[in-house]
Amino acid sequence: MDESGVSTDKNRVWIFDTTLRDGEQSPGASLTSAEKIDIARQLARLGVDIIEAGFPAASPDDLEGVRRIAREVGTADGPVICGLARTTHNDIDKAWEAVQDAAKPRIHTFLATSDIHMKYKLRMTREQVVEKTREMVAYAKAYCDDIEFSPEDGCRSDPEFLVEVLSVAIAEGATTLNIPDTVGYIVPNEYYDLIRYLITNTPGGDSVIWSAHMHDDLGLATANTLAGLMAGARQAEVTINGIGERAGNTSLEEVVMALRTRPQTYDLHTNIDATQIVRSSRMVSNYTGMPVQPNKAIVGINAFSHEAGIHQDGMLKHQSTYEIMTPESVGLSQSNLVLGKHSGRHAFRVRLEELGYEMDNDDLNQAFERFKKLADKKKNVTDADLEALIADELYGPEEVYHMEGLQVACGQMGMPTATIKMRGPDGDTQIVAAIGTGPVDAAFQAIDKIVQMPNTLVEYRVAAITEGIDALGEVTVRIRRDENGRRTFGGHGADTDIIVASAKAYISALNKMLTYTGYADHAPEGAAATVKVGAAG
């Protein structure tokens, strides 16, 4: 980039990741501060150029989360750290407070420009919107050199009015202009024409980076983003797995691999390390509790699977017959190294390193112990099994409550009963029994007797990670706290026993809820049918 902050490489596409801001606004995608830091570090390893770390004015917790990312991830050789702000003094003050410690800070401010938003939401005239843009972009520029401005609902705005607003933003110091399809309405040829029109007609348009931010309400987010890049935009605003409000945002992995796979069409490139894509996808999925659909492009479990005989025959003859990219190119391993119960710690460590996991000795020892227990149940442990095992180890929430044992009795001849042994935040261990409509319900009811955090189970999903009767089962649950009714919390668990995996996932979700709400103030009354067995060592 030159001194003005504009890229001198005309074929370079800047990847602006908003997983931690727009992505976290997905229903149920609540993240703790520690989880946000982990994802931000992984985004840096992935090679994203800009991390939109949050909306600092939304809450003190969000401000502190963005500030931590700015300090710990926003190093001189790391990504730009960006905070979102409405065009108000308070929002911009909070955004700057949050990102100022980053080596490369950015303030992203926005104001609606469509007639429908101005009339019904803002209750402002066009003249007032122009003046507010002038005032607030200048205010942000006094804090920070790197300013991004977005005309919200830009794709339903009058193009001539957009030119007027954007030219004012440029005059006041904006360095990136983002044209969002806030409601996922536009189609690719329309977006191409809009970006070309704005670049051509906006005074100073050749001195800034133009950006595409699309929503997927019509399933066109990736197509629209690529159309914008073809038209001259050089920043793509994306999320891991395409998560986001309503139908989601443009998927990072789809844009990156489209540019990489079709260079003859786009002649554009990014600085993304594509071998980190799958790992990033799984981390975000596990932390948010939002499973990736099996047929999701690039990162779905079926993305490189071939069942039809014609396809299998072609693949056996030459991989390129039915695959336009290799699994290895996005971080899926095809290693021949087989791990089993006789495998040693060294082979286990080497395999994890090949998969991209770096662990200290304590974490490695815990993971190896879990691996040995799994290997006793399975003849061969696959990479998919390892990924699930490590996800539980690395991506689990802070353990307020920990399951130490579970016993379930069920069947047609009796009532499903679960007995669970759990260690609580005070170190005491309790044993509780409960009856349910089925084994999973019984296990959850036993957990509830100990944790005593009223909630509603809003989603429960089970998937087999690998084939075979000894397959590792993966469970995802999402719960909603009864008191506030809106925020949901996801949990993830994996085990060869699906009831155990279910209990792990439910406890994980409860731990997230407790961490978010402040478990120090959570002191359950003594539960019925509870036996205390002493403090944990």
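The values are calculated or read from the model by the stated rules, or taken from the named source; none is laboratory data. Since the model is a prediction, treat every value here as computed from it, not as a measurement. No Cβ is skipped: glycine too gets one built from the backbone with ideal geometry, and neighbour counts run over all protein chains shown.
Matching residues to (1) modelled with pLDDT under 95; (2) surrounded by fewer than 16 Cβ atoms within 10 Å (Cβ to Cβ); (3) not hydrophobic (A, V, I, L, M, F, W, C):
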| residue | (1), (2), (3) |
| --- | --- |
| Val400 | yes, no, no |
| Gly414 | yes, yes, yes |
| Ala442 | no, no, no |
| Ala446 | no, no, no |
| Gln452 | yes, yes, yes |
| Gly468 | yes, yes, yes |
| Val477 | yes, no, no |
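Within segment 363-375, residues that are farther than 13 Å from Arg349 by Cβ have Cβ atoms under 6 Å from residues that are of a type in the set (Lys, Arg) in these pairs: Ala375/Lys341, counting only partners at least 6 apart in sequence or on another chain. Scanning segment 158-175 for residues that are without any contact (Cβ under 8 Å) to a residue 60 or more places away in the chain and hydroxyl-bearing (Ser, Thr, Tyr) returns a single hit, Ser167.
Tell me yes or no: at least one residue of segment 336-349 is of a type in the set (Lys, Arg), modelled with pLDDT under 75 and assigned to a helix (DSSP H, G or I). Scanning segment 336-349 turns up no residue that is of a type in the set (Lys, Arg), modelled with pLDDT under 75 and assigned to a helix (DSSP H, G or I). Here His117 clears all of (1) surrounded by fewer than 23 Cβ atoms within 10 Å (Cβ to Cβ); (2) more than 29 Å from the chain's Cα centre (by Cα); (3) farther than 24 Å from Ser59 by Cα except the condition numbered (2). Confirm whether Thr175 is touching an Asp or Glu at 6+ places or on another chain (Cβ under 8 Å), over 20 Å from Gly232 (Cβ atoms), assigned by TED's automatic domain parsing to the domain that holds Arg234 and β-branched (Val, Ile, Thr). Criteria not met by Thr175. Does Ala236 meet the test of being in a strand (DSSP E or B), among the hydrophobic types (A, V, I, L, M, F, W, C) and farther than 10 Å from Leu177 by Cα? Spelling it out, Ala236 is indeed in a strand (DSSP E or B), among the hydrophobic types (A, V, I, L, M, F, W, C) and farther than 10 Å from Leu177 by Cα.
Can you name the number of the only condition in (1) surrounded by 19 or more Cβ atoms within 10 Å (Cβ to Cβ); (2) modelled with pLDDT under 85 that Ser281 fails? Going through (1) surrounded by 19 or more Cβ atoms within 10 Å (Cβ to Cβ); (2) modelled with pLDDT under 85 one by one, Ser281 breaks only (2).
Exactly one residue out of Val165, Val183 is surrounded by fewer than 20 Cβ atoms within 10 Å (Cβ to Cβ) and among the aliphatic types (A, V, I, L, M): that is Val183. Within segment 94-114, restricting attention to residues that are touching a Pro at 6+ places or on another chain (Cβ under 9 Å) and not aliphatic (A, V, I, L, M), the residue that is surrounded by the fewest Cβ atoms within 10 Å (Cβ to Cβ) is Glu97. Scanning segment 146-162 for residues that are out of contact with any Phe, Trp or Tyr (no Cβ under 8 Å at 6 or more places or on another chain) and farther than 20 Å from Asp17 by Cα gives Ser157, Asp158, Glu160, Phe161, Leu162.
Each row is one residue, and each column tells you yes or no for (1) in a strand (DSSP E or B); (2) over 20 Å from Phe110 (Cβ atoms); (3) within 15 Å of the chain's Cα centre (by Cα).
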site	(1), (2), (3)
Arg21	no, no, yes
Ala29	no, yes, yes
Ile81	yes, no, no
Leu84	yes, no, no
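Screening Thr265 on (1) over 16 Å from Leu162 (Cα atoms); (2) in contact (Cβ under 8 Å) with a residue 40 or more places away in the chain; (3) part of a helix (DSSP H, G or I) shows it passes everything except condition (2). Annotation: Tyr192 fulfils all but one of (1) farther than 29 Å from Gly331 by Cβ; (2) surrounded by 22 or more Cβ atoms within 10 Å (Cβ to Cβ); the unmet one is (2). Only one of the listed residues (Asp217, Asp145) is in a loop (DSSP other than H, G, I, E, B) and in contact (Cβ under 8 Å) with a residue 60 or more places away in the chain. That residue is Asp145.
Between Asp267, Asp273, which is surrounded by 14 or more Cβ atoms within 10 Å (Cβ to Cβ), farther than 27 Å from Val475 by Cα and either in contact with a Ser or Thr (Cβ under 7 Å, 6 or more places away or on another chain) or modelled with pLDDT of 80 or more (or both)?
It is Asp273.
Kindly indicate the residue of segment 1-19 that is modelled with pLDDT of 75 or more and either outside any strand (DSSP E or B) or in contact with a Gly (Cβ under 6 Å, 6 or more places away or on another chain) (or both) and also surrounded by the most Cβ atoms within 10 Å (Cβ to Cβ) among those meeting that condition. Checked segment 1-19; the qualifying residue surrounded by the most Cβ atoms within 10 Å (Cβ to Cβ) is Thr19. The set of residues from segment 50-72 being assigned to a helix (DSSP H, G or I), charged (D, E, K, R) and at pLDDT 95 or above comprises Arg67, Arg68, Arg71, Glu72.
Taking segment 396-443, which residues are of a type in the set (A, V, I, L, M, F, W, C), in a helix (DSSP H, G or I) and in contact with a strand residue (DSSP E or B) (Cβ under 7 Å, 6 or more places away or on another chain)? Within segment 396-443, Ala442, Ala443 meet the criteria.
Might you check whether a residue that is within 21 Å of Asp497 (Cβ to Cβ), within 28 Å of the chain's Cα centre (by Cα) and at pLDDT 80 or above occurs anywhere in segment 368-385? Checked against the condition, which is being within 21 Å of Asp497 (Cβ to Cβ), within 28 Å of the chain's Cα centre (by Cα) and at pLDDT 80 or above, segment 368-385 yields at least one hit.
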